[in-house]
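Values in this text are rule-based calculations from the coordinates and carry no lab data. These figures come from a predicted structure and were not determined experimentally. Counting neighbours? That spans all protein chains shown, and the Cβs are built from the backbone with ideal geometry, glycine included.
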Amino acid sequence: MKFIIAYGSVRTDRLGIRAAHYMIHQLEGRGHEIIFFDAKELQLPLLDKMYKEYEQCQAPEPLERMAEQIRSCDGVVLVTGEYNHSLQPGLANMLYYFLEEWFWRPSAIVCYSAGRFGGVRAAVHLRAVLAELGMPSIPSLLPIGKIQTVFEADGTLLDMRLQKQADLYRMSREQRHEDPIPERKPPLLRFFSGPERGAQGSSLPE
Ligand SMILES: Cc1cc2nc3c(=O)[nH]c(=O)nc-3n(C[C@H](O)[C@H](O)[C@H](O)COP(=O)(O)O)c2cc1C
């Protein structure tokens, strides 16, 4: 399959680039084709006109190229650091240039931060954005806490717990067949028919 990996930090001393390279390596190692959208390399100006507001084939490079790459991909992996409990502006800027082009591409979020929470608060905001862009995210996150301790400066993985997590974190059609869904009653049925409520003589909530 073909995936876009999108990363939005443009800081000189950015650390998330290590996580982005790690994900590229992980997905290529599983035989996937990767297109890397790096906000720092792309140097998109702050959004003025969306891609669709240009006449056909008149959008500046690299928007034309990116639109074509988005249309051709099967899914998108977002690598987001946490700035003020939200996503990085470079990532937001990159995403917002497009709308319909993103539609129908499932997404997955890899989040990170310098602190212990691994950027999960940014991931929550990013999820809402992805839903609006028609690229809903899979339920699992891959959070990386204290990113400065997880990779060496050259990107070498130091904390092997991340590798274990990454091995569990799959976004593939095969997984539907490999991981059977456990049989469960829908939550409401469990609530009404639970033994503890029956013992109280009433099956209705107060
Ligand atoms: C403007 C700014 C805001 C930040 N806000 C948060 C925050 O809300 N929570 C957090 O855990 N870390 C925060 N950090 C620390 C970042 O998680 C950490 O610097 C991370 O390495 C940023 O990603 P980058 O290095 O790829 O740019 C912030 C950093 C910056 C520069």
Legend entry - Protection proxy ranking, peptides 159-168, 109-118, average beta carbon neighbours within 10 Å, highest first: 109-118, 159-168
Inset, instruction - Any chance you could check the Cα centroid distance between region 100-148 and region 38-79 for me, in angstrom? - result: 19
Legend entry - Counted charge near GLY134, where neighbours are those whose Cβ lies closer than 15 Å (Asp, Glu -1; Lys, Arg +1): 0
Inset, instruction - Report, for region 1-98, the % of DSSP beta bridges that are antiparallel, rounded to 5. - result: 10
Inset, instruction - Over 25 Å between C-alpha atoms is what I'm after, so list which of LYS2/LYS49; LYS2/LYS40; LYS2/LYS146; LYS49/LYS146 land there. - result: LYS2/LYS49; LYS2/LYS146; LYS49/LYS146
